[in-house]
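Report on one structure; see the data block that follows.
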Amino acid sequence: MNGFSYRHLILGKNFPLISLSGAAILIMASDRLAHALVVTGALAWVFCLSSLAVFAGVKFFPRKGRFALLAFLTSFISGIYFLLLWIISPFCALQTFFVFPFISMLCISSEIFRHFQKHNIKDTLRDSVSQALVHGALVVIFSLIREPIGFSSLSLPGGAQGIIMIFSSNGQLFLPFRLIASSSGALLLLGYLIGLYRHLKNIYSPEKSR
């Protein structure tokens, strides 16, 4: 995209956490670093392949029913990733199963399906990779906060149980620390992050936030 910048993507109107699907992915996939990495791979897979497929067939898409077609396309591509993950690591696929529908929703609600006529395939792929990596980076950062504090561990995808522990502590955790690993703790972190986002947006884009 001409004039693309990460600051615009992070502080713009399409910031991932503003959408319900983006917030849902962040909460559900950031409990473990292993799950966050798997979901980041899924985001890159779905965003890139979906944008390339739409770029190739945008001239043949009907005007009516385009949303349903995009929903089918992104869900199908997401299902292929899930099938491959199931073959490689069934337990990891089960642990991240409920995240995949939101990945398709997030892909549809993003900007990668707009203005294809003005882009070439290189710009289309670059925009898709950029958006997927920004979404995935937020999930990974959240997991690096939640898992070490909430579980006193850090994990990677793989192994017979779906995750491999880099380190793990079996000691009793203080209750407020354990809360970070739960969905309510993730919501608290999400609230702080949205507050930080609005503060930075007011600083860097004061004329647009009024």
Point to revise | Enumeration of residues in region 94-106 that are within 22 Å of Leu156 (Cβ to Cβ) and either touching a residue at least 60 places away in the same chain (Cβ under 8 Å) or within 13 Å of the chain's Cα centre (by Cα) (or both) | key: Leu94, Gln95, Thr96, Phe98, Val99, Phe100, Ile103
**Study point:** Looking only at region 120-144, and only at residues there that are modelled with pLDDT under 85 and β-branched (Val, Ile, Thr), the one that is nearest to Leu20 (Cα to Cα)
**Key:** Thr124
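Does Ile25 qualify as being under 20 Å from Thr124 (Cβ atoms), in contact with a Phe, Trp or Tyr (Cβ under 8 Å, 6 or more places away or on another chain) and among the β-branched types (Val, Ile, Thr)? Walk me through how you get there before you give the answer.
Numbers: under 20 Å from Thr124 (Cβ atoms): no; in contact with a Phe, Trp or Tyr (Cβ under 8 Å, 6 or more places away or on another chain): yes; among the β-branched types (Val, Ile, Thr): yes.
No.
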Point to revise | Tally of residues being surrounded by 23 or more Cβ atoms within 10 Å (Cβ to Cβ) and either in contact with a Gly (Cβ under 9 Å, 6 or more places away or on another chain) or among the β-branched types (Val, Ile, Thr) (or both) across region 43-69 | key: 2
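The values are calculated or read from the model by the stated rules, or taken from the named source; none is laboratory data. Values in this document were obtained by computation on a predicted structure and should not be read as measured data. Don't worry about glycine lacking a Cβ; one is built from the backbone with ideal geometry, like all the others, and counts go over all protein chains shown.
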